[in-house]
Amino acid sequence: MIEEQKEKQRQAKKEERAKKRKAEKEDGAKEPTAKKARQVEAAEKRSEKTRDKGSKQFMCSELNKVINASDVVIEVLDARDPLGCRCPQLEESVLSKNKKLLFLLNRIDLVPRQNVNQWLQHLQKEGPVVAFKASRKYQHDTPQSKKKRFVPSNDVADLSNAASCFGGSCLVELLSDYATSMKEGALLKVGVVGFPSVGKSSVINGVKGAVVCSAGVQRGLTKHMQEVHVAKNVNLLDSPALVASPSNSPACLALRSLQMEEAQQSVLEAVRVLLKQCDKTQVILQYNIPDYRNSTEFLTLLAKKWGFQKKGALDTVQAAVTFLNNWTGPRMSYYCKPPNSAAPPAYMSEAVVAQMKEGWDLQKLQTGNEATMNAVRFPNRMNGISFVSTGPTSGLLSVSSDSPPPATTSAEPESQPQVDLAEEPQHTEETKKTRVQFQSVDISAPIATSGDTYDFNTDFN
């Protein structure tokens, strides 16, 4: 009897729970609850915010925010192509706002020593220049994945270590002395700007001695402004990458544009235009490959050497992406010569240059640069690739939301690249003999008859 009552109670509870679930389901189908509506609205806001952060409009606004908030602006230049990393629009905007402009020559360990000295002398005619070698130890780390301080060794045996950072102490002392003399102890805000993959975040990590900014070979990794305290009276402001104008040359866009990450420009075309700027013999020696006739054959050889395959075929697209990452990343050694003409740009008048040099301890800066140059181990000129610079890169400080997307530099599809016939080598007489020659025939022309071939004109004329 007691068991039957318990069974009835259990059955009644089950039916009650089933009715309750059914009622809740019907109410939810008729009208969403306030909690669900708030959750949907919050998810939409998050997705919209994430989408906006990747747009060029947002990156330009963040870059302008960094410039406006800074007392000093550091333009980071890749020592392998310093002239190509300079942006006239950015420099003119900084100078028009009466802000100090400082050049930082990064990655000097990838360029021959003589070439670095030539560029330092060339850039010092227009303003103060800091020689710098950023650390590559935490190149792929983020502040969330690893918050760990590193102190490079001072021993001579460890100078070639990728974890070593040189020029950081010189930069901090220079900025601290300027803050003390000009700001009277107030906090000095210094913006770090430049094109994609020049090492802006790596410079801040090296100066701080910790992973505080996300850094990597991916272009446009930094999306918003980030303030980092590096000294008692100095804060560094990390900024998004400067957006390159679509009006630049294809070779310039291949190294400086964000179009590579957005798949708006063919990576195969980018490799083709870059190879035209290099010495072919040096490229063959650098990558240890046989002679090639064009960029397609070059990428095929690289894909075979590196083992890149896709569905049983050699993946030349992956080889092109790796090739471009090597050229924009902190490992590939190439260099270009400074221009012969020493004439500065029009906005760099003598008065402006003199004003840019005021307030800086140039003697201490020169001593610090010499110490950095003596500490870094430079590559041999024969181990690098001679590169022809295309000149300064035009940048965009503002992008309208309704502007059309930039045109690609190549009309060819990425999967079927066109072969540049201009890159084909001249064939010798011996090779010409072995090649099959095809001759076009005009079918409308009369064909000569011979022998006893029947002629229709005899009976049907």
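The values are calculated or read from the model by the stated rules, or taken from the named source; none is laboratory data. This structure is a prediction, so every number in the text was calculated from the model and none was measured. Please note: Cβ atoms are built from the backbone with ideal geometry, for glycine as well, and neighbour counts cover all protein chains shown. For accessibility, only protein heavy atoms count, side chains too; no ligands or nucleic acids. Shrake-Rupley method; radii C 1.70, N 1.55, O 1.52, S 1.80 Å.
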| query | Of V217, V228, which residue is in contact with a helix residue (DSSP H, G or I) (Cβ under 8 Å, 6 or more places away or on another chain) and modelled with pLDDT of 90 or more? | reply | V228
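The rows are residues; the columns are (1) over 21 Å from the mean Cα position of the chain (by Cα); (2) of a type in the set (V, I, T); (3) closer than 30 Å to G209 by Cβ.
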{"residue": "G220", "(1), (2), (3)": "no, no, yes"}
{"residue": "N233", "(1), (2), (3)": "yes, no, yes"}
{"residue": "S239", "(1), (2), (3)": "no, no, yes"}
{"residue": "S247", "(1), (2), (3)": "no, no, no"}
{"residue": "R272", "(1), (2), (3)": "no, no, no"}
{"residue": "Q277", "(1), (2), (3)": "no, no, no"}
| task | Scan region 169-216 residue by residue and report those that are within 13 Å of H229 (Cα to Cα), outside any loop (DSSP other than H, G, I, E, B) and open to solvent by 20 Å² or more (accessible area, probe 1.4 Å). | result | V172, S176, K189, V207, K208
| Which condition breaks for L285 when tested against (1) in a loop (DSSP other than H, G, I, E, B); (2) in contact with a helix residue (DSSP H, G or I) (Cβ under 9 Å, 6 or more places away or on another chain)? | (1)
| query | Does R272 fit the bill of being over 24 Å from F132 (Cα atoms), open to solvent by 20 Å² or more (accessible area, probe 1.4 Å), part of a helix (DSSP H, G or I) and in contact (Cβ under 8 Å) with a residue 12 or more places away in the chain? | reply | yes
| query | Tell me, which residue of region 217-252 that is without any contact (Cβ under 8 Å) to a residue 40 or more places away in the chain and under 21 Å from G84 (Cβ atoms) is surrounded by the most Cβ atoms within 10 Å (Cβ to Cβ)? | reply | T222
| said: Every residue in region 84-118 that is part of a helix (DSSP H, G or I) and open to solvent by 40 Å² or more (accessible area, probe 1.4 Å), please. | reply: Q89, E92, S96, R113, Q114, N117, Q118
| task | Report the residue count in region 67-83 for those that are open to solvent by 10 Å² or more (accessible area, probe 1.4 Å) and touching a Leu at 6+ places or on another chain (Cβ under 8 Å). | result | 2
